[in-house]
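J.: Have a look at this one.
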Amino acid sequence: MDCLFCKIINREIPASIIHETDNILVFDDINPQAPIHKLIIPKEHISTLNDINEGHKILLGEMLLTASELAKKLGVSEPGYRTIFNCNKDAGQIVFHVHMHFLAGRTFNWPPG
Ligand code: AMP
Ligand code: ZN
């Protein structure tokens, strides 16, 4: 399958991987939008949030738990951080393998652009 993030999972292209379990992978975003910008992805190829189902509940829970634990490990739980899933064109999704952006290290605007 011609999917960039599946290639990172399969070690066909390099990435700065910081955490891995049987179900998920966490690595640095190549074009960081904050001092800390990680991507938390499922190892299962799921194109967009529109493609998730009941069977993905535990997987999605693990992704959120990972974000919370990552925040503790990086010391940003208190100042705060932002998690984002972009879905399809209007949200600016460019990689069609579900991923959670984890951003921290600066203040973020609300509402987002
Ligand atoms: P999105 O717009 O939500 O689809 O975000 C895709 C993200 O993947 C962007 O923030 C990109 O900078 C990031 N990205 C693209 N290629 C790579 C790569 N090879 N390694 C790490 N991050 C990447
Ligand atoms: Zn994929």
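No value in this document is a laboratory result; all are computed from the given coordinates. The model shown is predicted, which means the values in this text are computed figures rather than measured ones. Counting neighbours? That spans all protein chains shown, and the Cβs are built from the backbone with ideal geometry, glycine included.
J.: Can you tell me the FRET efficiency between Asp51 and Trp110 if r is taken as the Cβ-Cβ distance and R0 is 30 Å, rounded to the nearest 0.05? Don't skip to the end; give the middle numbers.
T.: Values: r = 28 Å, r/R0 = 0.92.
Between Asp51 and Trp110 the formula returns 0.60.
J.: If you don't mind, there's one more thing I want to ask. Please state, rounded to one decimal and in Å, the Kirkwood hydrodynamic radius that the range 30-110 gives when every pair of distinct Cα atoms enters the mean of 1/r.
T.: After inverting the pairwise mean of 1/r, the radius is 13.5 Å.
J.: Going down the table (Lys7/Lys72; Lys7/Lys43; Lys43/Lys73), which pairs top 18 Å between alpha carbons?
T.: Lys7/Lys72; Lys43/Lys73, as the Cα separations exceed 18 Å there.
J.: How about the range 1-105: which trypsin sites (Lys or Arg not before Pro) there lie in a loop by DSSP and see at most 14 other Cβ atoms within 10 Å?
T.: Answer in residue order: Arg11.
J.: Every cysteine in the chain with no other Cys Cβ under 4.7 Å from its Cβ, please list them in numeric order.
T.: Flagged as lacking a Cys partner: Cys87.
J.: A follow-up question, please. Could you tell me which of Ile8, Ile46, Leu74 has its Cα farthest along the dipole of the range 4-104 towards the positive end, charges placed at Cβ (Lys, Arg +1; Asp, Glu -1), taken about the Cα centre?
T.: Leu74
J.: How much length, in nm to one decimal, is gained on full extension between Leu60 and Cys87, taken as 0.36 nm per residue of separation minus their Cα-Cα distance?
T.: 8.2 nm
J.: Evaluate 2.2 N^0.38 Å with N set to the residue count of the range 1-75, then give the Cα radius of gyration divided by it. Let's see the in-between values first.
T.: Details: Rg = 12.7 Å, N = 75, 2.2 N^0.38 = 11.3 Å.
Normalised by 2.2 N^0.38 Å, the Cα Rg of the range 1-75 equals 1.12.
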